[in-house]
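Below: the structure, in structure tokens.
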Amino acid sequence: MGVELKKKNILIIGTIVVAVLILLQLVNLQILDNQYKITASNNAFRYDIRYPARGLILDRTGKILAGNVTAYDIMITPFEVTELDTADLCRIFELDICNVRKTLKDYRRNRRKIGYQSMPFVKQISSQQYAVFLEKAYKFPGFSAISRTVRSYPYNAGANLLGYISEVDTSYIRKNPEYKRGDYIGRTGIEQSYEGVLKGEKGYNIFLRDVNNRVKSSFAEGQYDLNAVPGKNIISSIDAELQSYGESLMVNKVGSLVAIEPSSGEILTLVSSPGIDVTKLSTINKYYSELLNDPLKPMFNRAVMSPYPPGSVFKLVNGLVALQEGVLDTLVRYPCSMGFHIGRGVACHAHPSPLSLTGAIMMSCNSYFCYAFRKIMDNPAYPNVAAAFNSWKEKVESLGFGLKLGTDFPSEQAGILPTTGDYDKIHGKNRWSSLSIISLAIGQGEIGTTPLHLANFAAIIANRGFYYTPHIIKGAEDTVINADFSKKHYAKIDVQNFKKLIHGMYLAVNSAPGSGATARIAAVPGLEICGKTGTAQNPHGKDHSVFICFAPKDNPKIAVAAYIENAGFGATWAAPIASLLVEKYLNKKVERKDLEVYILTGNTMINVLK
Amino acid sequence: MTVGIKYKKLDWPLIASYLTLVIIGWLSVFSSVYDPDHAGIFDISQRYGMQFIWIISSLGIAVLILFVVNPKLYNVTAWFIYAISIFFLVAVLVAGVEINGSKSWLMLGPFRFQPAEFSKIATSLALAALMSTYNFQFKSLGALGRIAVTILFPMVMIVLEKETGSALVYAGFIFMLYREGLNGWYLIFGILAILLFLITLSFSSYVAIIFLFIIMVVARALLTRQFIRHGVFLLFYLPLLIFSRRLGELSLFDFLGHWSETAWLALFIAPPVIYHTISAFRQKISHLWYILLCFIVSFAMIFSVDFFFEKVLQDHQRARIENLLGIHVDLKGAGYNVHQSKIAIGSGGFSGKGFLQGTQTKFNFVPEQSTDFIFCTVGEEWGFLGSVFVVFLYCFMIIRIVNLSEKQKDAFARVYGYCLASIIFLHFFVNIGMTIGLMPVIGIPLPFVSYGGSSLWSFTIFLFIFIRLDLERWK
């Protein structure tokens, strides 16, 4: 019996061994190997993504700045692709046959890994190409089309302002897993700032496949399908007409033009020139390297990113600070003999002398503001220059300079405002005086302000002492606008000091001929424009032409900053451009036709390219 | 003997596992052909409705077997039953209906039935009757001959019906024969032969020869008890063998002409084999001769595998074996079933997708879902836990039947029990093995679980005859 019992036990052990083998394979299939779970959902369901329409970008009056048109993406399901006429396929979509062959080969090699997924083959083909494809679709099994929306731009306005959309790249997807391959995302401008509002939610249709991968039916009669939720519209603060007009004024000029509504901080116009042509915006990938290599950098938004020397415009700042510090009497006149001749000295142009504050602003006297600046820095109320400088800096910052304003426009730069430490480094600790930094008196030297800073400063003067953070959003469906945008930011300067200044700005524009006022060219009858010119020296050639203004004098509706690179005097280019914009906005039409033609046809870009 | 005593002494654990498997089968059939328009599990227009009828009728048959039929009849009528089953097997060849390429179905009114399913019982009864006769000598040539004929006759008939899978099941009787006295070496050689066959196919004869060589050295070491010597020999000689194929590439040997890899291998294998022969001759150890004989036979087999594989096997069988071994994997052709089946089971994960939630099974990704591939439904919907439970139930059943058989006083019941355990084991291993890719696709049902009246009835009868026979112990 012993032998038989042994044999029985061997049979039982054999059974257990087999069971263990089966269990091991089950562990492998069901627990360790994820491949089967993935294949399973690929296998049974086909998710057809429904892409949402992107939200529209409207201007402040409801005109469409960025709209949608239908385009088609051709998708490929490598598993279903059979022999095909590659040449014909390439003809339809105007593709390079070598590349296509390579892509198809790639897909074929990886088709098991891909499973029954579809992936984009050609993107954004037009309706015409789509129609041709439809006719021949039977010849190309495995290829299908899905509709996407792409941007259209009814107004030729604000390419840099709006930004563009493009497909997300892999590095972005890795960091933001809610985006999937083939999704679009806003880049730069409003598209980037309000991506979350504009993008909408993707949906999908679920289809069932059977064994042969034929799509059998909609799964559960579509009850698990998810509709795409269109993106929400954005009402921007931009005035489409004004933006468009501003861009035409800036044609063939390099620089920036920014207009703000002082009573709300809403940006009416934001031009960076040269910019991206709106017609290239929806298919920007095609032009990308061309744009990137352009020496004038059209992708670079000068309005918020370029720190320029403000030039004479900055005299207003020093005037305000001096008044606030109580070191300047509006009635006291300071002499000017073609300049300020203490220390390194600062040159000036020919004008009557001596001048009071109003006259100095009106005629933009360098010498006067050098005296004023020295009074600020050498103020006996402070123990030393550094303390006086810090007090000055604090007030300058309260006017928005040297810091990011916190606008909703992407890539805003803070500009440059020096610190005492900077000067300690240059001159040695306590080895510098008001004379060492005298160029700040006229907005030169260690200072950089963006056109947005200047426009905001114009708005502060217009408001007599406060500003709202400049912003490009006016409203959005069901979206709460940043509360900070409706908060007043007060400058550390008293209201009456602004009033003293404004008188000079008014006279600078609206004086009689022969008065020596610098900005008479900007005058528009009945609009009471108050402005200040600037001519900023720079190491890169001809002076920059600068002008800030607001209008009307009381109850201002618009504040503008114009900054034209290498264009010469502020009065020659920047002042006319800014004033034309003001005229257009307030009068809805431009009467000064000669000036308009002069600006529209003028070309200062050649100076930059030289 | 009263009904009351019978009731108590019935082997309830076996019956309970039987019922559990049957219910799992019914739910799985329901799930795999579930149609929301016919949601009632008793709807007889659907397979689950039909399966319910099969289950009820099976239970009726079970009751009949337990309480009505006299168990003594089995031994007496075994050969008569065997004859009837052979008659049906012949009838099927003449008047059978061809379904899915095999002519194994008989039409009886509205019902179809597969005689091959029932002939397993008849053959088991016949074997039990044969081997329980007084003075039966297992080792005698005549006895072995009769056993062989009893098994092979229905097997051949079934092969003629092109039901190779069902015929293969008869190979399971070897386990019973092993218990009843067959030398264990036959079992080992059988398994080794299959292993060698598979290795030859999936790699090359080159690898198979090296594998064979290793077995030979290990066997020699076991016999002579000189483990260290053989171990060292293997350690040094094996790399030599493996690199021998490279020798042909050396220009040094150009004068020999270009020998094949196998020729180089043979050159290097010859010395140890010759040494082995001489030592066998000198030491007169008969087992060394056996080793040599096996080596030569295996060697011949390696070279005949290609022939057998290309010329003897049918196309679909070749494709199935190739697929199992990963040669020419064709996921949409022959490999399709297994691939889809693995996906279905694999997608179940640890705890499964839940009853009626299987996506793979519901939408006909796996063919023969409710019959041969029913285990996919279990795997997908009940996951690893469910699968393990089912595997456990089968193991429990097989081991219990083996243990009960061993307790039988009557040889008839013992042999019959072992036949039952062997057949269930083979079905269990081959069927589940094929759904998870351990076995080639062989179309045999999963006992008690797969859809189908013939299968359920025959396994019910098979099992309950044994349970009834077991009761006789308590007399």
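The values are calculated or read from the model by the stated rules, or taken from the named source; none is laboratory data. Remember, predicted model here, so these are calculated numbers, not experimental data. Cβ: placed from backbone, ideal geometry, glycine included. Neighbour counts: every protein chain shown.
Which residue is nearest to A:L454 (Cα to Cα), if the candidates are limited to region A:486-497 and must be surrounded by 20 or more Cβ atoms within 10 Å (Cβ to Cβ) and either within 32 Å of the chain's Cα centre (by Cα) or at pLDDT below 85 (or both)? So that I can check it myself, show each step before the final result.
Kept after step one, since they are surrounded by 20 or more Cβ atoms within 10 Å (Cβ to Cβ), are these residues of region A:486-497: A:491, A:493, A:497.
Then keep just the ones that are either within 32 Å of the chain's Cα centre (by Cα) or at pLDDT below 85 (or both); that gives A:491, A:493.
Numbers: A:A491: 14, A:I493: 17 Å.
Among those that are surrounded by 20 or more Cβ atoms within 10 Å (Cβ to Cβ) and either within 32 Å of the chain's Cα centre (by Cα) or at pLDDT below 85 (or both), it is A:A491.
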| task | Among residues belonging to region A:1-44 that are more than 7 Å from chain B (Cβ to nearest Cβ) and not in a helix (DSSP H, G or I), point out the one that is modelled with the lowest pLDDT. | result | A:M1
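Select, from B:I399, B:I345, B:I321, B:I424, the only residue that is more than 8 Å from chain A (Cβ to nearest Cβ), at pLDDT 85 or above and not in a loop (DSSP other than H, G, I, E, B).
Details: B:I399 fails: more than 8 Å from chain A (Cβ to nearest Cβ); B:I345 fails: more than 8 Å from chain A (Cβ to nearest Cβ); B:I321 fails: at pLDDT 85 or above.
Checking each option against the conditions leaves just B:I424.
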| request: Output the number of residues of region B:272-306 satisfying the condition of being at pLDDT below 70 and either within 15 Å of B:A208 (Cβ to Cβ) or of a type in the set (D, E) (or both). | output: 1
| task | Count, please, the residues in region A:150-179 that happen to be among the polar types (S, T, N, Q) and closer than 16 Å to A:S244 by Cβ. | result | 3
| said: Based on this model, can you work out whether B:V441 counts as assigned to a helix (DSSP H, G or I), farther than 30 Å from B:Y134 by Cα and assigned by TED's automatic domain parsing to the domain that holds B:M155? | reply: no
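Go over the candidates A:N510, A:N497 one by one and state the one that is free of Cβ contacts under 8 Å to residues at least 24 places away in the same chain and not aliphatic (A, V, I, L, M). Reasoning before the result, please.
Working: A:N497 fails: free of Cβ contacts under 8 Å to residues at least 24 places away in the same chain.
It is A:N510.
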| message | Which residue is modelled with the highest pLDDT, if the candidates are limited to region B:353-367 and must be within 12 Å of chain A (Cβ to nearest Cβ) and surrounded by fewer than 24 Cβ atoms within 10 Å (Cβ to Cβ)? | response | B:K353
| message | Could you tell me how many of the residues in region A:344-397 are in contact with a helix residue (DSSP H, G or I) (Cβ under 6 Å, 6 or more places away or on another chain), among the hydroxyl-bearing types (S, T, Y) and within 22 Å of A:I461 (Cβ to Cβ)? | response | 3
| query | Checking A:I74 against (1) surrounded by 18 or more Cβ atoms within 10 Å (Cβ to Cβ); (2) under 30 Å from A:I190 (Cβ atoms); (3) touching a Gly at 6+ places or on another chain (Cβ under 6 Å), which single condition isn't satisfied? | reply | (3)
| Among the candidates A:N463, A:N456, which residue alone is in contact with a Pro (Cβ under 9 Å, 6 or more places away or on another chain) and surrounded by fewer than 24 Cβ atoms within 10 Å (Cβ to Cβ)? | A:N463
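Keeping to region A:543-556, report how many residues are over 27 Å from the mean Cα position of the chain (by Cα) and surrounded by 14 or more Cβ atoms within 10 Å (Cβ to Cβ). Let's see the steps before the verdict.
Step one: list which residues in region A:543-556 are over 27 Å from the mean Cα position of the chain (by Cα), which gives A:552-555.
With surrounded by 14 or more Cβ atoms within 10 Å (Cβ to Cβ) added as a condition, the list becomes A:552-553.
Result for region A:543-556: 2.
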| Do any residues in region A:124-147 that are more than 21 Å from A:I165 (Cα to Cα) have Cβ atoms under 6 Å from those of residues that are at pLDDT below 80 and not in a helix (DSSP H, G or I), where the two are at least six apart or on different chains, and which pairs are they? | A:F140/A:L84; A:P141/A:T82; A:G142/A:T77; A:G142/A:V81
| task | Determine, yes or no, whether A:F314 is in a loop (DSSP other than H, G, I, E, B) and not charged (D, E, K, R). | result | no
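Return a yes/no flag: does region B:448-459 have any residue that is in a loop (DSSP other than H, G, I, E, B), away from chain A (no Cβ under 11 Å) and closer than 22 Å to A:L11 by Cβ.
Of region B:448-459, the ones in a loop (DSSP other than H, G, I, E, B) are B:448-452.
Now restrict to residues that are away from chain A (no Cβ under 11 Å): B:448-452.
Subsequent filtering for residues that are closer than 22 Å to A:L11 by Cβ retains B:448.
Yes, there is a match, as at least one residue in region B:448-459 is in a loop (DSSP other than H, G, I, E, B), away from chain A (no Cβ under 11 Å) and closer than 22 Å to A:L11 by Cβ.
Pull up region B:154-167, narrow it to residues that are modelled with pLDDT of 80 or more and surrounded by fewer than 17 Cβ atoms within 10 Å (Cβ to Cβ), then point me to the one that is farthest from the other protein chains (Cβ to nearest Cβ). Explain how you work it out, then say what you get.
Of all residues in region B:154-167, those modelled with pLDDT of 80 or more come to B:154-161, B:166-167.
Going one step further and asking which of them are surrounded by fewer than 17 Cβ atoms within 10 Å (Cβ to Cβ), we end up with B:156, B:159-160.
Working: B:V156: 27, B:V159: 25, B:L160: 30 Å.
In this case the residue turns out to be B:L160.
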| remark: The residue from B:Y394, B:Y416 that alone is in a helix (DSSP H, G or I), more than 10 Å from chain A (Cβ to nearest Cβ), touching a residue at least 12 places away in the same chain (Cβ under 8 Å) and hydroxyl-bearing (S, T, Y) is B:Y416
| note | Per the list (1) out of contact with any Phe, Trp or Tyr (no Cβ under 6 Å at 6 or more places or on another chain); (2) touching a residue at least 24 places away in the same chain (Cβ under 8 Å), residue check on B:E406 breaks on (2)
| request: Answer yes or no: is there a residue in region A:475-483 that is part of a strand (DSSP E or B), surrounded by fewer than 20 Cβ atoms within 10 Å (Cβ to Cβ) and not hydroxyl-bearing (S, T, Y). | output: yes
| message | Out of everything in region B:376-385 that is within 10 Å of chain A (Cβ to nearest Cβ) and touching a helix residue (DSSP H, G or I) at 6+ places or on another chain (Cβ under 6 Å), what residue ends up being modelled with the lowest pLDDT? | response | B:E380
| said: Cβ contacts < 9 Å: first residue closer than 10 Å to B:M157 by Cα, restricted to region B:75-96; second residue part of a helix (DSSP H, G or I) and of a type in the set (D, E), any location; separation 6+ or different chain. Result? | reply: none
| query | Out of region A:258-292, which residues are closer than 30 Å to A:Y72 by Cα, without any contact (Cβ under 8 Å) to a residue 40 or more places away in the chain and of a type in the set (S, T, N, Q)? | reply | A:S289
| request: Inspect region A:113-129 for any residue being within 14 Å of another protein chain (Cβ to nearest Cβ) and of a type in the set (D, E, K, R) and give the result as yes or no. | output: yes
